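Only one structure is covered here, and it is reproduced in the block below.
Rule-based calculations on the coordinates, nothing more; no lab input. What you are looking at is a predicted structure, and each value in this text was computed from that prediction instead of being measured. For neighbour counting, all protein chains shown are included, and Cβ atoms are generated from backbone atoms with ideal geometry for every residue, glycine included.
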Amino acid sequence: MDQNIAQIVAGLRTAFPDVAFSPQPLIDRSEDDAGAEQVFVRVPPDKIVEVMRFLHDDARCDFQQLASLTCVDYLDFPKARDRYAVVYTLVSPRLNHRMWVKCFVNDPDPAVPSVTGIWNAAEWTEREVFDLFGIRFSDHPDLRRIMTWDGFKAHPLRKDYPLRGHGEREDFTVVTDDSR
Amino acid sequence: MGLTTSETSPHTMGNGDTLSTRLDHLVGLLRKHGPNWARKNSLWPMPFATACCGIELMAMGASRYDVARFGAEVMRFTPRQCDLMICAGRVAIKMLPVLQRIYMQMCEPKWVISMGACASTGGVFDTYSVVQGIDQFMPVDVYVPGCPPRPETLIEGVMAIQRIVDAEGVKPSAERGGLGLTVDPVVQLNTVGRRS
Ligand code: SF4
């Protein structure tokens, strides 16, 4: 593990003694350690805002940038214990290091507190994850669909959603009102 | 005014007869075909280019293929000034209300070309969010097949629209629905603009 990241994980453990974090390489490649410096830590949903606040504010972490926020559906994934992981990619442009945070949630009501209070960039990406995976971000200022149209019911990037949908494209209404 | 003969018109006498009849005939022809002649040679397309087909649409407008030869080079980005919608590319369901609104905002008479496999049938995008053929939701006059159609094929589509415009008694598209013609995709590749 990269020296910086090892220090960050140590700092996290001191600040949050009751969270395991269990750092792990993002890509599991045993023959070479090309991906070994890409590390993710696990954070439970109820701790995510505090941990993120720490990672953003602490001088040794200084993650000023939320490079991406996305989600993975681990349905039928070998050895997976949880269904969804919300994945945060954090970058520190000043200290030149990056780290990943995964927050695992499960059905029936997958919910994660929003990090829009820390990075404004999270607003639209969280809306996208909500739209396509159905993860509810509590405290989000404006949690609406962003990719699919209003009135769409499903969350199409979930693994159990069929490619052709449930007939949404067929019962779309035709706009024929010529008065506008 | 229409076609008149010396029997029915009290104003023509003697030698004036023939001349007046011919003039009337000419005016009648002009009235009948003049507007269509003007329309078909100055089609103003609305380029609704949503995907890769739009690149071929641009190529059609550029100098190599030069659709100006057919009077359709004036692409307008306001539907109020257009009379030919070219839907080039796949249409997502979220985009469909936009397409329909733009179509409704175009003034009559108006015509529609559905360009490419995606606009006509959904193409390879048989997914939850892509419209499987815009003709389910609006009238289409000419389908241009291909993925993407070559610019020559699209020009063939524009010429098909010109023939439709020239035909008499074609009702406005809102009343008649789409004509649903398909252009022959086989164009000789090395004779640009000159079909054998
Ligand atoms: S028909 Fe082919 S070229 Fe045209 S929009 Fe579809 S995929 Fe792109």
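The trypsin sites (Lys or Arg not before Pro) of segment A:82-123 that DSSP puts in a loop, and whose beta carbon has at most 12 other beta carbons within 10 Å, are A:Arg94.
Listed by chain and number, the lysines whose alpha-carbon sits under 21 Å from that of B:Lys32, ignoring those within fewer than 8 places in the same chain, are B:Lys40, B:Lys110, B:Lys171. Taking loop as defined by DSSP and a crowding limit of 16 other beta carbons within 10 Å, which trypsin sites (Lys or Arg not before Pro) in segment B:20-111 fit? Those satisfying the criteria are B:Arg64, B:Arg76, B:Lys94. Under 5 Å from the amide H of A:Gln65 lie the amide H atoms of A:Val91, each residue being 5 or more positions distant or on a separate chain, with H modelled from the backbone and absent for Pro and chain starts. Sorted fewest first by neighbouring Cβ atoms within 10 angstrom, A:Ser22, A:Ser114 come out as A:Ser22, A:Ser114. The string of couplings for segment A:146-156 from the Karplus curve (6.51, -1.76, 1.60, θ = phi - 60°) is 10, 9, 7, 7, 4, x, 6, 9, 8, 10, x Hz, one whole number per residue in order, with x for Gly and Pro. Note that segment B:118-131 has calculated 3J(HN,Hα) couplings of 5, 5, 7, 9, x, x, 6, 8, 8, 10, 5, 10, 10, 5 Hz, one per residue in order, obtained from phi through the Karplus relation 6.51 cos²θ - 1.76 cosθ + 1.60 (θ = phi - 60°); glycine and proline are x. Taking only the alpha carbons of segment A:3-113, we obtain Rg and Dmax values of 14.0, 40 Å in that order. Footprinting exposure proxy ranking of A:Ser138, A:Ser68, fewest other C-beta atoms within 10 angstrom first, gives A:Ser138, A:Ser68. Near the amide H of B:Ala49, within less than 5 Å, lie the amide hydrogens of B:Ala88, all on another chain or at least 5 residues away, with H placed in the peptide plane. Principal axis analysis of the Cα atoms in segment A:41-180 yields extents of 60, 43, 24 Å, listed in decreasing size.
Panel order for A:His97, B:His25, by other beta carbons found within 10 Å of each beta carbon, from fewest to most: B:His25, A:His97.
Its relative contact order, with pairs defined as Cα atoms under 8 Å and 6+ residues apart, puts segment B:45-143 at 27 percent. For segment A:3-113, the relative contact order is 24 percent, taking Cα pairs closer than 8 Å that sit 6 or more residues apart in sequence and dividing their mean separation by the residue count. Using a cut-off of 27 Å between Cα atoms, the listed pairs A:Lys102/B:Lys94; A:Lys102/A:Lys159; A:Lys47/A:Lys79; A:Lys79/A:Lys102; A:Lys159/B:Lys94 include A:Lys102/B:Lys94 as exceeding that distance.
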